[in-house]
Amino acid sequence: MNLTRKYLPFHEDIMAKPTGPVDVSQTLMNILNTTGKFYGVRGSFGINDPRIGGHTTCHTLKFGKRLIIFDTGSGMIDIGNELMKQYLTPGTTIRDVDMFLNRYMTAKSRIEDLGNAMVDSGLLNLEEELYVDIMYSHVHMDHLMGLAAFKPIFSPKTHINFFGGMHDGMTIEEVSQRNVFVHPIFPVKHEWLASKRTYTTFKPEDEFTLDCDIGGKIAVKILPMNHPNQSYGYRFEWAGNVVAVTLDHEHDHEYDRNIVELWDGASIVVTEAQYDQEMYKTRKGFGHITARAAARHAQTAQPKLIYTTHHDPDADFALVEAIARTIQVRSGVETRYAMQNMTF
């Protein structure tokens, strides 16, 4: 299966309109294509940038009906609102949910009963359930801060599978218990969450598969990245598609075998690329890659298409565009910068 299509430079992408008879083989290809959406594209801190977006790192990947949320930056607010609409009763809006939560908290109700109260409120469609996977590159605050704002995590109608590695001896579940849903950081304790959750801790260089409704199983490969407090890169293979996700990693002399292995021949690469050469002079050791280093990896791995994300909070539109253009020119690989709410 060949996913390549001609993209206009940077963000002049136009969705093709079908003409003439329907091509059944092309329709099947479209069904088996991986889709995704960027909900947060900033690294380190959220900012106010209406042009590119200000939410911190968070995006989705969808394989068939299997939805994976990758990292839980502040973009989780928008993801949660979109997903929760799937099991609200007819005529109910997210604003109604917000008003209910506000009333519940200001009435000093028992927070540990919040999940049952949501069901009893009549806001939720009792016929629908939400299933989602959440995978982490790592647990620095910009990749974690949106989890507590993810409304479905408080609902008993939600089933979440968490995946992540070890971070300074802590699992994803322990990070959630000790650093997110814990007093005095947040009023709702971890044990009071009404959602049904499982936690899978993988090891560096692990490989595993996930079930999918169509197209066969999703093969997942994990490799460690060079970043403080541990970070992990992912490679997904499904129905002829290969998607690599490498967030928060620093190159070693502009070359890293793990990055090349994950990117090798990928249909799409989603990667951070925070710095130009000048910025890197004062940020070496922070755990982030330069445009020139990303280009060298792309030259070797030859992916089809690269999306740069996790933009530095100090980077303006011109710098974000220049970083993507530098990778494309130096590597010869089509490169686009991610913007909040962009689909791919």
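Readers should treat all values here as calculations from the given coordinates under stated rules, not as data from a laboratory. Since we're looking at a predicted model, the values are computed, not measured.
If you take the alpha carbon radius of gyration of segment 267-344 and divide it by 2.2 N^0.38 Å, what ratio comes out, to two decimals?
1.01
Taking the DSSP beta bridges in segment 33-337 as the whole, what percent of them are antiparallel, to the nearest 5?
50 percent
Starting from the eigenvalues of the Cα gyration tensor, five times each then square-rooted, give me the equivalent ellipsoid semi-axes of the chain, largest first, whole Å.
33, 24, 19
³J(HN,Hα) across segment 316-333 via Karplus (A = 6.51, B = -1.76, C = 1.60, θ = phi - 60°), whole Hz, x for Gly/Pro?
Along segment 316-333, the couplings run 8, 4, 4, 6, 4, 5, 5, 4, 5, 5, 4, 4, 5, 5, 6, 9, x, 9 Hz.
For segment 71-223, build the convex hull from the C-alpha positions and give me its volume per residue in Å³.
120 Å³
From the phi of every residue in segment 270-278, what ³J(HN,Hα) in whole Hz does the Karplus formula 6.51 cos²θ - 1.76 cosθ + 1.60 yield, where θ is phi - 60° and glycine or proline is x?
10, 9, 6, 7, 7, 10, 8, 5, 5
Lys189: which lysines have alpha carbons under 20 Å from its alpha carbon, excluding same-chain residues fewer than 8 sequence positions away?
Excluding near neighbours in sequence, the set is Lys108, Lys151, Lys157.
Excluding same-chain residues fewer than 8 positions from Lys304, which lysines have a Cα within less than 26 Å of its Cα?
Partners found: Lys6, Lys17, Lys37, Lys62, Lys65, Lys217, Lys221.
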